[in-house]
Structure formats: C-alpha cells, structure tokens
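Student: Following this message is one structure expressed as structure tokens.
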Amino acid sequence: MGSVSTTPSDVPALVMGGAGFSYQLHPEPQSLPIVDILLRAFELGVCTIDTSPYYEPSEQLMGAALSQAPITSKYARQDYQLMTKVGRIAENEFNYSPEWIRTSVSRSLERFRTSYLDVVFCHDVEYVSTDEAVTAVGVLFDFQRQGTIHRVGISGYDMQVLADIAKLARERYGKPVDVIQTWAQLTLQNTQAESRGFDAFRAAGVNSVFCSSPLAVGLLRTGGIPVGLTGDWHPAPKGLRAAAAEAGRWAEEHGDGEAFSSFALQYAVGKARQNCSPSFTVSTITGISTISELEQNVSAAKKILRPAADSGEPTSLLQYCDIDESAWKKNEPIFDGIRATLGDWIDYDFTTKTGTK
C-alpha cells in the first residue's frame with residue numbers, strides 16, 4: 001500500500017466497548033478501576049466509548065469516572081467521544097416508544113454529565129417492528145437538530161433488517177442514518193458484514209459502520225466465554241464452541257507465541273481497515289475490563305496497522321490509520337489455518353437472537 005491514507009485520520013481503529021463494565025460480562029463491575037482504565041485508554045489513543053443502558057451499570061460507572069478530577073484535569077469533553085443506545089432495557093424487554101426514547105436520551109445525558117452525545121443508536125432493532133424502529137430514528141433526528149446528538153445510528157445483528165431500516169428511514173425523513181453498528185460479523189469466524197452488509201449500508205446512504213465483538217463475544221479466545229451474573233447467555237451452539245476451542249489450540253501451536261485472541265483482533269481490525277475509503281469508514285469496538293486487556297488490544301491493533309506517513313514517532317493509536325499490508329500478508333497463513341479449523345462453522349450466524357449486543 002502506498003503512503004496515502006484511505007482512512008480519515010479522525011476515524012478510530014479501536015473503540016472501547018462499555019459492555020465490559022456490565023453484569024453480563026463481569027460479576028462485579030463496580031469493583032473495576034474504571035478511572036484508571038479510562039485514563040490509560042485516552043493516553044493510548046482509544047478515545048471513543050460505546051455503551052448502552054442495557055449494559056447495566058456501565059453508563060453510571062463510566063459517567064461517574066469521567067467526572068473525576070484525574071480525568072477532568074487532563075481531558076476536556078471534546079477530547080473523547082461518547083456513544084450509547086436507546087430502546088433495549090433488559091434481555092427480553094424493549095421500549096421504542098417516542099416517550100421512552102426521549103427519557104432514555106435525557107437519562108444518558110445526566111449519567112454522563114454532558115450536554116451532548118456523539119452517537120446514539122437504536123439498540124437491537126430486529127427485536128421490534130420496522131415501524132417502531134423507524135419512528136425511534138425520527139425521535140433521535142429531533143435531538144440531532146437540537147444539537148444534543150451529533151450522529152444517529154441503528155444497531156443490531158441481522159444485516160438485512162439493518163439495511164431495510166436504514167433504507168426506510170431515509171425514505172421517510174429524507175436523510176440517511178449516520179452510522180450502523182453490528183456485532184460478531186467481522187471476525188475470523190464470520191465476515192458477513194463484509195460480504196452482505198457494507199454494500200447494502202452504502203446503498204442506504206450510511207457512511208460509517210462500527211463492528212463490535214471482534215472475538216465473537218469471547219468465543220475466539222482461550223479460556224472460554226465470559227460469564228457474569230446473567231450466566232452463560234452466549235448463542236454459540238456446542239459444535240461451534242468446540243470448533244473455536246480447537247482453532248484456538250491450532251493458533252497457539254502455530255502462532256509463534258501469539259495468543260489466539262491477538263490474531264482474532266488483528267484480523268478484525270485489518271478487515272475493518274481494508275473496507276475503509278474516504279467516504280465509508282469501518283471501526284472496531286472491543287470490550288475490556290482491565291488495563292492489561294486494554295494494552296493487549298492496542299498492541300494487537302498496532303501490529304496490523306501502520307502509522308500515517310507524517311506522524312513522526314507515533315505514540316498514540318490515533319496515528320495508526322491504515323492496514324500494514326506486509327503484516328497482513330505475514331499473518332495470512334495463520335488466519336487461513338484458523339478459518340480452516342473452524343470449517344463448516346465459518347459464517348454461522350446467531351439467528352436465534354439471544355446475544356447481548
């Protein structure tokens with residue numbers, strides 16, 4: 001690849017997912033050193049946070065942490081971006097009424113002690129009717145006109161539903177949604193965001209996509225799926241779990257000391273960057289709950305990205321804009337071997353709709 005960047009420099013390679021501070025993924029999220037984690041994230045160049053009221057109590061914990069002096073003395077509100085969601089309340093509870101959407105946005109503003117939110121998504125739109133989802137998008141557009149929300153998005157798993165709602169919202173309101181978030185579909189195990197999603201999203205006028213769960217919510221790592229107070233909710237069937245465990249063993253036998261999770265994250269980040277252009281951007285959201293996880297994730301991302309030509313001696317991940325083609329080529333045999341081990345489970349999707357994202 002040449003020295004000209006195809007990715008706008010303000011598009012984050014990594015976004016910190018707030019689900020790591022939730023009861024779904026951690027038994028005691030209140031015990032986590034969130035101020036220290038956020039400080040380290042900002043220092044490393046991970047300056048965008050994604051969360052949801054559904055990731056209880058992530059909003060409250062991060063909002064309180066961001067108001068603490070160690071952070072406010074070093075970082076102004078414009079130094080970081082906040083993304084959150086509306087509509088999903090609990091595992092089997094949704095409220096997409098305009099009244100609740102307005103209440104939820106106001107509550108998030110209060111929890112984060114801010115006058116604006118950078119992005120707000122309608123959460124898991126495939127669980128409600130199309131009309132409910134499109135109407136909720138309209139409520140968020142109202143907030144956008146007021147300046148309370150900068151960008152309006154939709155999130156979910158089903159690619160076709162996301163594309164359909166984006167298309168219908170554009171038809172109804174005369175403008176596209178700004179951003180789409182999908183999960184576990186730009187990974188070593190599933191690349192349907194690339195094969196089925198991105199073109200459809202572009203056709204609906206969407207110019208930004210966030211792909212979360214690069215490890216398929218813990219599936220693509222050694223040590224098993226994370227279990228919090230809500231128990232084992234992961235939608236992967238036993239066969240896929242066994243195949244992922246075997247792929248992990250293969251990766252660590254052939255990966256020259258590199259962890260399975262590192263290869264998985266490098267693949268996801270690299271794929272995201274391969275799909276970026278000046279008019280269409282893709283970023284990766286990864287949940288963390290420790291400084292060690294954060295540092296490992298940033299290290300993995302830097303292994304597959306290259307700094308911009310004019311960045312001098314890069315220290316921040318924000319300076320790493322494009323995929324490092326030589327690093328990708330070096331890792332391709334490992335990526336291919338992992339995918340071969342996964343076999344028929346490649347592109348298996350969780351259409352049972354039991355995931356947490």
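Student: Got the relative contact order for the chain handy, in percent, Cα pairs under 8 Å and 6 or more residues apart?
Tutor: 22 percent
Student: Report, by chain and number, residues whose modeled amide H sits under 5 Å from the one on Ile89, excluding near sequence neighbours (fewer than 5 apart, same chain).
Tutor: Correct list: Phe94, Asn95.
Student: Given R₀ = 25 Å, FRET efficiency for Arg113-Ser292 by Cβ-Cβ distance, to 0.05?
Tutor: With a Förster radius of 25 Å, E is 0.35.
Student: Follow-up. Give, rounded to the nearest 20 debye, the magnitude of the charge dipole that segment 14-343 has about its Cα centre when Lys and Arg contribute +1 at Cβ and Asp and Glu contribute -1 at Cβ.
Tutor: About 460 debye.
Student: Where the centroid of each part is defined by its Cα atoms, how far is segment 130-150 from segment 178-210 in Å?
Tutor: 21 Å
Student: What do you get for Rg/Rh over the chain if you use C-alpha atoms and the Kirkwood form of Rh?
Tutor: In the chain, Rg relative to Rh is 0.94.
Student: Can you work out the Karplus-derived ³J(HN,Hα) for every residue in segment 186-202? Use 6.51 cos²θ - 1.76 cosθ + 1.60 with θ = phi - 60°, whole Hz, and x for glycine or proline.
Tutor: Working through the residues one at a time gives 9, 9, 4, 8, 8, 10, 5, 4, 6, 7, 10, x, 4, 4, 5, 5, 4 Hz.
Student: Can you give the helix-only mean residue ellipticity at 222 nm for the chain, where every DSSP H stretch with n ≥ 4 adds -39500 (n - 2.57) and the sum goes over all residues, rounded to the nearest 500 deg cm²/dmol?
Tutor: That comes out to -12500 deg cm²/dmol.
Student: Taking the beta-carbon count within 10 Å as an exposure proxy, list Leu305, Leu342 from fewest neighbours to most. Spell out each step's value before the answer.
Tutor: Numbers: Leu305 26, Leu342 21.
Listed from fewest to most nearby Cβ atoms, that is Leu342, Leu305.
Student: Continuing with the same structure: Suppose the chain between Asp349 and Ser299 were pulled fully straight at 0.36 nm per residue; how much longer would it get relative to their current alpha carbon spacing? Please report the intermediate quantities before stating the final value.
Tutor: Details: separation 50, 0.36 × 50 = 18.00 nm, distance 2.86 nm.
Computed gain between Asp349 and Ser299 is 15.1 nm.
Student: Here's a follow-up. By how many nm would the segment from Arg196 to Glu325 grow when fully extended, if each residue of separation counts as 0.36 nm and the alpha-carbon distance is taken off?
Tutor: Stretched fully, the Arg196-Glu325 segment lengthens by 44.1 nm.
Student: Where does each of Thr341, Thr103 land when they are ranked from fewest to most other beta-carbon atoms within 10 angstrom?
Tutor: Thr103, Thr341
Student: Tell me the label-point distance for the pair Thr72, Ser106, using the 7 Å Cα-to-Cβ offset, in nm and rounded to one decimal.
Tutor: Distance between label points: 2.3 nm.
Student: Right, here's the next one. If I stretch the segment between Thr315 and Ser129 completely, what's the gain in nm (0.36 nm per residue apart, minus their alpha carbon distance), one decimal?
Tutor: 62.4 nm
Student: From a point 7 Å beyond the Cα of Gln146 in the direction of its Cβ, which residues of segment 45-72 have a backbone N at a distance under 20 Å?
Tutor: So the set is 53.
Student: Then there is this: Can you give the Kirkwood hydrodynamic radius of segment 287-337 from its Cα pairs, in Å with one decimal?
Tutor: Working: mean 1/r = 0.0825 Å⁻¹.
The Cα-based Kirkwood calculation yields 12.1 Å.
Student: Among residues other than Thr130 whose Cβ falls under 12 Å from its Cβ, what is the net charge (Lys/Arg +1, Asp/Glu -1)?
Tutor: Value of the local net charge: -4.
Student: Sticking with this structure for a sec: Could you pull out the pairs from Lys175/Lys271; Lys74/Lys303; Lys238/Lys302; Lys167/Lys271; Lys167/Lys303 whose alpha carbons sit more than 31 Å apart here?
Tutor: Lys238/Lys302; Lys167/Lys303
Student: Which of Asp256, Asp50, Asp199, Asp36 has the fewest other C-beta atoms within 10 Å, and how do the rest follow up to the most?
Tutor: Asp256, Asp199, Asp36, Asp50
Bear in mind these aren't lab numbers, they're just calculated from the coordinates by the rules spelled out. All values reported here derive from a predicted model rather than from experimental measurement. Neighbour counts are summed over all protein chains in view; Cβ atoms, including those assigned to glycine, are modelled from backbone coordinates with ideal geometry.
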